[in-house]
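Every number here is computed from the coordinates shown, using simple stated rules; none is lab data. Predicted model only: the values in this text are computed from it and were never measured. Ideal geometry is used to build each Cβ from the backbone, glycine not excepted, and the neighbour counts take in all protein chains shown.
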Amino acid sequence: MLLRIKITPNASRSGVIGWEEDPVAGRLLKVRIQAPPIDGKANKALTVFLAKELGLPKPQVTLKKGQTSRIKTIELPDGTTLPTSSQAASQ
């Protein structure tokens, strides 16, 4: 399954903010990541954070699109349970 995410790098702490409707991109999961957007650090931190939050092995969370964009497409195994509402989480 593919998941669209809007990432905010350089956050004070990592966490899931909640869902957002974007007029162009559609429904997005908003996520804050503590890592800076330099040399792919935020992308790596995002995949590690999502794996931990969703209870998946790290290799099953793959960045498919958006390496240099705030809006990213992540591939997850089919049947993965996604957050249904805002939830605070820390890394």
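Take the residues of the range 42-52 that are closer than 16 Å to SER69 by Cβ and touching a residue at least 24 places away in the same chain (Cβ under 8 Å): which is surrounded by the fewest Cβ atoms within 10 Å (Cβ to Cβ)? Show your work before the answer.
In the first step, residues of the range 42-52 are kept if they are closer than 16 Å to SER69 by Cβ; the result is 42-47.
This time we only want the ones that are touching a residue at least 24 places away in the same chain (Cβ under 8 Å), so: 42-43, 45-47.
Working: ALA42: 21, ASN43: 20, ALA45: 20, LEU46: 24, THR47: 18.
Checking each candidate, the answer is THR47.
Quick test of your reading of the structure: LEU3 fulfils all but one of (1) loosely packed, with under 13 Cβ neighbours inside 10 Å; (2) in contact (Cβ under 8 Å) with a residue 60 or more places away in the chain. Name the failing condition by number.
In the conditions (1) loosely packed, with under 13 Cβ neighbours inside 10 Å; (2) in contact (Cβ under 8 Å) with a residue 60 or more places away in the chain, LEU3 misses (1) alone.
Of the conditions (1) touching a Ser or Thr at 6+ places or on another chain (Cβ under 7 Å); (2) without any contact (Cβ under 8 Å) to a residue 40 or more places away in the chain, GLN34 fails just one. Which one is it?
(2)
Would you kindly identify the strands (runs of 3 or more DSSP E) lying entirely within the range 1-53 that contain at least 1 residues that are among the polar types (S, T, N, Q)?
Numbers: elements: 2-8, 15-22, 26-32.
Output list reads 2-8.
If you go through the range 1-29 one residue at a time, how many are more than 19 Å from GLU75 (Cβ to Cβ) and basic (Lys, Arg)?
Matching residues across the range 1-29 total 1.
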